[in-house]
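Here's the structure we're looking at; comments come further down.
The values are calculated or read from the model by the stated rules, or taken from the named source; none is laboratory data. Source: prediction; values computed, not measured. Cβ coordinates were reconstructed from backbone atoms using ideal geometry, including for glycine residues, and neighbour counts include every protein chain displayed. Accessible surface areas use protein heavy atoms only, side chains included; no ligands, DNA or RNA. Shrake-Rupley method; radii C 1.70, N 1.55, O 1.52, S 1.80 Å.
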Amino acid sequence: MKKGYETTDATTYHLLLEKAKENRNNPTAAEKHLWRYLKGNLLGAHFRQQHPIYGFIPDFVCLQQQLIIEIDGGYHLDGEQPEKDEERTQWLKSQGYRVLRFTNEEVLQETEAVITKIKEALNNNNINPQSGNSLPQSNSNNSLPWGGDGVGNPQSGKPLPWGGDGVGITIVKVGGAIVEDERQLSMLLDNFSAIPGRKVLIHGGGRRATQVASQLGIESQMVNGRRITDEKMLNVVTMVYGGLVNKQLVARLQAHGVNALGLTGADMDIVRSHRRPVKDVDYGFVGDVDKVDGERLAALLEAGITPVLAPLTHDGNGTILNTNADTIASVAAQALAPFYEVTLIYSFEKPGVLRDPDDDSSVIPHITRTDFDRYVADGTISGGMIPKIENALAAVEAGVRRVIITLATAIDGEHGTVIE
């Protein structure tokens, strides 16, 4: 009999992502304790916390080695739940995953033994504990690397033909100030083109929009550094972001041998948003992101295409919405995290997050959520850097492997501030 969890539609999958985020923000004592040993490749493998696998949200998973770790306690010990947990375990094993289960007490009181068992499983990663056979290969017999009946996706209940820890992708977000600086933009495009493998470029363009609006006699209104987008300004940013800036970047990348494709969120329904509710300020036609279609982005990437995303989304009802490029970069990275090992780079005119805004040598090398809260409280981090780091932290907490804030001319992954 076909079980309900073998097929997860797109809506359910996005709900699972939201639930996973909620779970990550409210870990049990045992989950929090074990995560200290699993995070940051401390055991030589990249684990994700509360990451959807088909219709489930395991406590921890290493996609590369198809190893799931579950911690049982509370309701897991009550009534019929142990039987349901075992049924889930056997089904996951049938899909090629190995499952280790520990109790809260084992994790908290016998940590060394638990870590030893995890290390043993990582060192013996080629056996399916149920069948004793080698784990299945991710590619199907279908000649295409995506799509068709023979290839699965997060909603289909079949293994993905790409992604996991073995395949990386780099997402670079470039701000409007860099787009306006020819020297820095030229260097960034040179460096971006040299990045091996799959990649995505996400751009701003606010300064160019302000210039064009002025030339058209349209006044730009800003509140707390954020643009008010009325109907006239919406026309301007649509022309500038989706046309002028986007297509110039695409043409220049093509000249570098990069098969780039310019997109707004409305194209292929890649990014859908809703109009920001009016509170203290009515920002007009400004969008807050609801979802990104990571599967369609991944299909483009597997076709050898480099998406170049403009900071425009749509509401599904025919309206374009001006949307923050930093936010688009964060949610796009999160949407691609189930498919790839994602590195997200925020590039701008500074070498990283600075302790002293006037001293470019004062780069803070690493920032955690705890560090961020402390730096905001003491004023070290302020202004526009706050939402940028909030977007970065949201990406990391949703399974993005690494986020870096760095100088636009230093996007090699070796410079700047690492958010972790």
Please get the size of the charge dipole for the stretch 302-420, origin at its Cα centre, with Cβ charges of +1 on Lys and Arg and -1 on Asp and Glu, quoted in debye to the nearest 20. 220
Estimated distance in nm for a label pair at A29 and T370, the labels positioned 7 Å out from Cα along Cα-to-Cβ: 1.8
Just to be sure I understand the curve: with the Debye formula and one point per C-alpha of the stretch 212-285, what is log10 I(q)/I(0) at q = 0.13 Å⁻¹? -0.52
Carbon and sulfur: what percent of the stretch 173-279's accessible surface (1.4 Å probe)? 50
Accessible area, 1.4 Å probe, largest first: how do Y37, Y340 sort? Y37, Y340
Listed by chain and number, the lysines with an alpha carbon less than 18 angstrom from that of K21, same-chain partners under 8 positions apart left out, are K32, K39, K291
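Of the accessible area of the stretch 298-400, with the probe set at 1.4 angstrom, what percent is carbon plus sulfur?
Details: 1730 of 3530 Å².
Its accessible area is 49 percent carbon and sulfur atoms.
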Hey, what do the phi angles of the stretch 57-63 turn into as Karplus ³J(HN,Hα) couplings, whole Hz, using 6.51/-1.76/1.60 and θ = phi - 60°, x for Gly and Pro? 10, x, 5, 9, 8, 10, 5
Cross-link reach list, aspartates and glutamates versus K247, counting only Cα pairs under 18 Å and skipping chain neighbours closer than eight places: E180, D181, E182, D190, D267
Between the alpha-carbon centers of the stretch 248-284 and the stretch 371-411, tell me the distance in whole angstrom. 22
Distant-in-sequence amide H partners of D360 (H built 1.01 Å from N, under 5 Å): none
